[in-house]
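Below is one structure, written out as C-alpha cells; comments come after it.
The values are calculated or read from the model by the stated rules, or taken from the named source; none is laboratory data. Just so you know, these numbers come straight off a predicted model, no measurement behind them. Heads up, the Cβs are rebuilt from the backbone with ideal geometry, glycines too, and the neighbour counts pull from every protein chain shown. Quick note on the areas: whole protein, heavy atoms, side chains included, nothing else; ligands and nucleic acids left out. Shrake-Rupley method; radii C 1.70, N 1.55, O 1.52, S 1.80 Å.
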Amino acid sequence: VSQSRYILLSQSTLISFLGQVMNLGRYVLVWIIIYYLYHILKRNAEITEQKLMLENVAKSAELELLKIQLNPHFLFNALNSIKALVLIDQEKSGDAIIKLSELLRFSLNYEKAPLISINEEINEVVKYLELEQIRFGKRLEVEIVLQEETLDQRIPPAMVLTLAENAIKHGITKLPDGGIIKIESKIKGARICVEVVNSGQLAENFSMGIGLTNLQKRLENLFPENASFHLDNFGNQLVKSTLIYPIS
C-alpha cells in the first residue's frame, strides 16, 4: 500500500511539475511573441521613416529644380525691363529693383512654409505683374477681385504666382495687342476657389510644363483627395486656370 501511495505521489508531483512547466512555457512564449512583434513594428517604423525622408528629399530636389528652371527666365526679362526703365524714369526703376529683390526672396524661400495667407500670396503676384507691366506697358491689363473672407485663408505658396507666370508666357506674350489677366478668389462651401483668367487660347497640342506639373503634384501631396486643378479654354479668346482645395 505504501509503495502504491508513493507511486501515486510521484505521478502527482510529476504532473504538477509538468503543469508548472507548461504554464511557465506559455508565459515565455507570449513574451517571445511580444519581443519579436516589437522588433518587427520598430523595423517597419524605421522603413516608413526612411521612405518619408527620401520622399521629402525628392520633393525638395524637385522644388530646387523648379527654381533653377523658372527664375532665370523671369529674371532675364525683368532685368531687361528695368534696364530700359532706368533711361526713362530712375525713380520707377528703383522701385522696380526693390520689387524684384522682394519677389526673388519670396521665390527662393517659399518651400519653407507649406501654407501662407492668400493675401501674402497675392502681394507677391502683384509685384510680379507690376514688373511685367513695365515690359508690356498698356498691352497688359490686370484685374484682381478677392473675396474679403478669403484674404486670411491659407494657400500653398507660389501657386497663384505660377499661374500668373504661365498666363504671361503662354498667353499675353503671344498676342501682338496684349491682353488681360484677371485673378479672383472666393469661398464655395468648405472649399476655396482661385481662378486666373487670361487672354489667349490653348493650342490643341498644349502640354503642361514643369511649373504646372509641379503645382499639381503639390496640391495632391497637401490635399490627396479634396483638391483639383483645371486649365481650359474659356470662350473664344480666354484661358481659365482654376484651383480648388479645402479650407484649412
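Worth a mention:
- About the centre of its Cα atoms, the range 107-168 shows a dipole size close to 280 debye [charges on the beta carbon of Lys, Arg (+1) and Asp, Glu (-1) only; nearest 20 debye].
- Estimated FRET transfer efficiency (residue 113, residue 232; beta-carbon r; R0 45 Å; 0.05): 0.90
- The share of accessible area on the range 127-248 that comes from carbon and sulfur is 47 percent, using a 1.4 angstrom probe.
- Residue-span extension gain [residue 146 to residue 47] - 0.36 nm each, minus C-alpha spacing: 31.2 nm
- When all protein chains stay in place and ligands, DNA and RNA are ignored, the 1.4 Å accessible-area order of 159, 208, largest first, is 208, 159.
- Prolate/oblate/rounded call for the range 120-228, Cα gyration tensor, a/c under 1.5 rounded: oblate
- Accessible-area value, residue 173, 1.4 Å probe, nucleic acids and ligands omitted, Å²: 70 Å²
- Cα centroid separation - the range 127-151 against the range 185-248, whole Å: 18 Å
- Heavy-atom accessible area per residue - the range 84-169, 1.4 Å, Å²: 52 Å²
- Taking each residue as 0.36 nm, the span from residue 97 to residue 202 lengthens on full extension beyond its C-alpha to C-alpha distance by 34.5 nm.
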